[in-house]
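**Q** Sending over a structure as structure tokens; questions will come in a sec.
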């Protein structure tokens with residue numbers, strides 16, 4: 001074995017020993033997962049912005065909400081368009097997570113954030129629906 005191969009092996013071994021066990025061992029971002037995660041986050045931001053606008057102004061924003069009378073007051077209910085945008089964002093985030101896991105057994109942080117944001121919005125919609133139906 002010549003000196004170059006020996007030093008390469010020593011360098012690789014030192015780099016492996018120097019990496020602390022932590023979040024870097026579980027998360028990795030590639031170009032494909034970054035694109036899917038960014039699209040998922042973008043759709044989550046669109047829906048959260050529409051929700052915030054509707055809450056602040058107390059009026060529907062485009063086709064994202066409809067007004068329904070219940071419990072003695074008007075309530076803004078997410079429309080099917082809003083639900084489709086959230087489900088699309090959740091699907092993109094899930095696709096990014098699956099792609100990262102299948103490629104190198106690591107999670108994509110952007111896809112995880114996008115999926116979580118869309119899932120949180122779905123949970124809010126379901127909680128609102130349960131409250132209005134009671």
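Derivation of every value follows stated rules applied to the coordinates shown; laboratory data play no part. As the structure is a computational prediction, the values presented were derived from the model and not from experiment. Cβ atoms come from the backbone with ideal geometry, glycine included; neighbour counts cover every protein chain shown.
**Q** What is the range 81-124 by shape, rounded, prolate or oblate, if you read a ≥ b ≥ c off the alpha carbon gyration tensor as root eigenvalues and call it rounded for a/c under 1.5, prolate for a/b larger than b/c, and oblate otherwise?
**A** prolate
**Q** Next up: So for 66, 105, fewest C-beta neighbours within 10 Å to most, what's the order?
**A** Ranked by crowding around the Cβ, least crowded first: 105, 66.
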